[in-house]
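Please read the structure below before turning to the comments.
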Amino acid sequence: MTTVERLRHPAREHRFVTSDGCALHVEASGPADAAVTLVLVHGWTQDHRTWDGVVAALGPGTRVLRYDLRGHGGSAPARRGTATIPRLADDLAELIAARVPSGPIVLAGHSMGGMTVMALAERHPELVASRVVGAAFVATSSGQMDRITLGLPGLAGEFSVRFERRIAKALAHRRGERLPLSPALVRSGARFLVFGEHPRRADVRLVADQLLCAHPASLGEFQDAISTHDRRVALAALRGVPAVVLAGEKDRLCPLPHAKVIADELPDAEFVRYPGAGHMLPQERAGEVAVRIGALVRKSS
């Protein structure tokens, strides 16, 4: 059985069904009786495998819960109209209630995963206030994603914005279950868009494979949701919670100034910049990301 087949037919403990009937693929590791649970939320076009290197670096003593967002990896496609960041926040709240019903939690979100954590603070402030003891925002943004130019100057940057919107619209209406793209083409695009200097081939392959496993129409709708994401104000609910903001200096998708906005809203957070790194910090700097997240877990244990 291939990796994709295993994801599509998970055992019961790897399956969680949300209140609106969407089946999510879930992975849990580490001791069930650990004092703190780390919940990892991946980004757009990716799945729980984004965190493989980080989880390995954390070691077996950390209890970790990670899952595939709706429309990604081994989870079911998002039904029309449900590929939204608020819905992702509700999914996360429901998953926590079912799989981590008690005890302190550290949340870590990469890219759209970080946006999901912000939306959780906005929609479920009581959960954040009573359970969340640490938060890590990894290569993410609190808003103004509709202005991203992929680091391209002038007219090229303006064209990239318009082109991205057209692609999102086309994807949202696509009927197929998989993107009709060759792995080689996807790897080439990933190498340019989401990595910084000197990426490892295995990391590029992993990112491309995750994209090719995602549901196209869900991706298109989520891209629209990302473009209207505006949750700078929601970060206020996390003030006072130990936090880290991690950013790659070569990130084209969530540029450094976006991370600085988050850090400004969380004045007690540790703001860490990674020279030469791009958007995929969980791969490019897995060990260093694990150190920062692990410190949040240990501080709360």
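The values are calculated or read from the model by the stated rules, or taken from the named source; none is laboratory data. Quick caveat, the model's predicted, so the values are computed rather than measured. Methodologically, a virtual Cβ is constructed for each residue, glycine included, from the backbone with ideal geometry; neighbour enumeration extends over all protein chains shown. Accessible surface areas use protein heavy atoms only, side chains included; no ligands, DNA or RNA. Shrake-Rupley method; radii C 1.70, N 1.55, O 1.52, S 1.80 Å.
Carbon-plus-sulfur accessible fraction, the stretch 211-301 (probe radius 1.4 Å, protein heavy atoms only): 51%. Charges were assigned to the Cβ only: +1 to each Lys and Arg, -1 to each Asp and Glu. The resulting dipole of the chain about its Cα centre is roughly 580 debye. Model label points for Glu249 and Arg200, set 7 angstrom from Cα along the Cα-to-Cβ axis, are 2.2 nm apart.
Of Ser218, Ser188, which has the most accessible area with a 1.4 Å probe, and how do the rest follow in descending order?
Details: Ser218 0, Ser188 75 Å².
So the residues, ranked largest to smallest area, are Ser188, Ser218.
Accessible area of Ser301 (1.4 Å probe, protein heavy atoms only, ligands and nucleic acids ignored): about 90 Å².
Within the assembled protein chains, the solvent-accessible surface assigned to Arg273 is about 120 Å², based on a 1.4 Å probe.
Projecting label points 7 angstrom from Cα along Cα→Cβ for Arg80 and Glu126 puts them 3.5 nm apart. Each DSSP beta bridge with both residues in the stretch 19-82 is either parallel or antiparallel, and the antiparallel ones are about 50%.
Comparing Cα centroids, the stretch 227-301 and the stretch 63-78 end up 22 angstrom apart. Once Lys and Arg get +1 and Asp and Glu get -1 on their Cβ, which of Met112, Gly134, Thr62 lies farthest toward the positive end of the dipole of the chain? Going by the Cα projections, it comes out as Met112.
Just Gln144, Gln223, Gln283 to compare: in a GNM of the chain, with alpha carbon springs under 10 Å, which one fluctuates most? Its mean-square fluctuation being the largest, the pick is Gln144. Loop sites here are GluC sites (Glu not before Pro) outside DSSP states H, G, I, E and B with no more than 12 other Cβ atoms within 10 Å. The longest part of the chain free of them is 1-176. Put simply, the amide H of Glu249, placed in the peptide plane, has neighbours under 5 Å in Tyr274, Gly276, Ala277, leaving out anything fewer than 5 places away on its chain. The H on the amide N of Val244, modeled in the peptide plane, is under 5 Å from the matching H of Ala135, Ala136, Phe137, Glu270, each at least 5 residues off or on a different chain. Inter-label distance, Ala56 to Asp20: 3.6 nm, where each label sits 7 Å from its Cα along the C-beta direction.
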